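One structure is given below, encoded as structure tokens.
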Amino acid sequence: GAVVSQHPSWVICKSGTSVKIECRSLDFQATTMFWYRQFPKQSLMLMATSNEGSKATYEQGVEKDKFLINHASLTLSTLTVTSAHPEDSSFYICSAAEGPNYGYTFGSGTRLTVV
Amino acid sequence: QKEVEQDPGPLSVPEGAIVSLNCTYSNSAFQYFMWYRQYSRKGPELLMYTYSSGNKEDGRFTAQVDKSSKYISLFIRDSQPSDSATYLCAMSPSGTALIFGKGTTLSVSS
């Protein structure tokens, strides 16, 4: 089945620094990828839709200048958390689908801790 | 009313029991329905995928979609301790991002 690889699986960074998270579709091309955020014991909340070759679409309340998304190829989308603060500490997960007749596959997630 | 409603549980059952998990939704435009299993600190794992109404079976798992009632279910037969996890329902109109339920925490005791 489809595989989505996400790196790193966990990262600790200092407040004020930036962190980049990569999401790759390993055996299929994905023109669209999605970035979610999950707080402890809560469900996944969509942050943005990443479109290959064009600007990402952000959900209401998500700062596009803080969460930079780049979808430069059909197999790679990156999320950069800029000037990270402790409140940005969360579990970030990406997903993609092979096509309309397939379910969405998720990456393994990235646990970000900002200290 | 939230778009997708799911009882968070927790739900505790003995090993071998049949488990029934459910979600209701309000958006009649939803066409794609999925169930995910998520272990602690891991990404969600796709269990079942259904388009439109109907039933789908895969091993011990059966997914049902009733669009007339806006109600979806996941049944787990012969539940095992390894099934202990959070189960998330998710749905989408078409080719767009998923809307998730809050997830139901399941515990299967041996």
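Of note:
- Any hit, the range A:94-102, residues being modelled with pLDDT of 95 or more and within 18 Å of B:F100 (Cα to Cα): yes
- Here B:S28 clears all of (1) in contact with a strand residue (DSSP E or B) (Cβ under 7 Å, 6 or more places away or on another chain); (2) farther than 20 Å from A:K41 by Cβ except the condition numbered (1).
- Residue selected from the range B:6-41 under the condition at pLDDT below 95 and among the charged types (D, E, K, R), by the criterion surrounded by the most Cβ atoms within 10 Å (Cβ to Cβ): B:D7
- Residue in the range A:20-34 that is among the aromatic types (F, W, Y), under 21 Å from B:Q38 (Cβ atoms) and at pLDDT below 95 present: yes
- The listed residue being part of a loop (DSSP other than H, G, I, E, B) and either in contact with a Gly (Cβ under 9 Å, 6 or more places away or on another chain) or surrounded by 20 or more Cβ atoms within 10 Å (Cβ to Cβ) (or both), out of B:S79, B:S69: B:S79
- Residue identified as touching a Pro at 6+ places or on another chain (Cβ under 8 Å), surrounded by 15 or more Cβ atoms within 10 Å (Cβ to Cβ) and within 25 Å of A:P40 (Cα to Cα) among B:L98, B:L88, B:L74: B:L88
- Which listed residue is facing chain B (nearest Cβ under 9 Å), surrounded by 15 or more Cβ atoms within 10 Å (Cβ to Cβ) and free of Cβ contacts under 8 Å to residues at least 24 places away in the same chain, from A:S108, A:S43, A:S95: A:S43
- Restricting the range B:85-110 to residues that are touching a residue at least 24 places away in the same chain (Cβ under 8 Å) and not in a strand (DSSP E or B), the residue that is farthest from A:A56 (Cα to Cα): B:S110
- So A:T78, is it at pLDDT 95 or above and more than 14 Å from chain B (Cβ to nearest Cβ): yes
- Residue, nearest to B:D7 (Cα to Cα), within the range B:42-66, restricted to residues that are surrounded by fewer than 17 Cβ atoms within 10 Å (Cβ to Cβ), in contact with a strand residue (DSSP E or B) (Cβ under 9 Å, 6 or more places away or on another chain) and more than 12 Å from every other protein chain (Cβ to nearest Cβ): B:D66
- A residue that is in a loop (DSSP other than H, G, I, E, B) and under 22 Å from B:S94 (Cα atoms) can be found somewhere in the range A:34-44.
- Only listed residue being more than 30 Å from A:T49 (Cα to Cα), away from every other protein chain (no Cβ under 11 Å) and small (G, A, S), chosen from B:A29, B:A17, B:A85: B:A17
- A search for C-beta distances below 7 Å between a residue of the range B:18-34 that is outside any loop (DSSP other than H, G, I, E, B) and any residue that is among the charged types (D, E, K, R), counting only pairs 6+ apart in sequence or on different chains, returns B:C23/B:E5; B:T24/B:E5; B:T24/B:K70; B:Y25/B:E3; B:Y25/B:K70.
The values are calculated or read from the model by the stated rules, or taken from the named source; none is laboratory data. None of the values given here were measured: they were computed from a predicted structure. We place every Cβ from the backbone using ideal geometry, glycine too, and count neighbours over all the protein chains shown.
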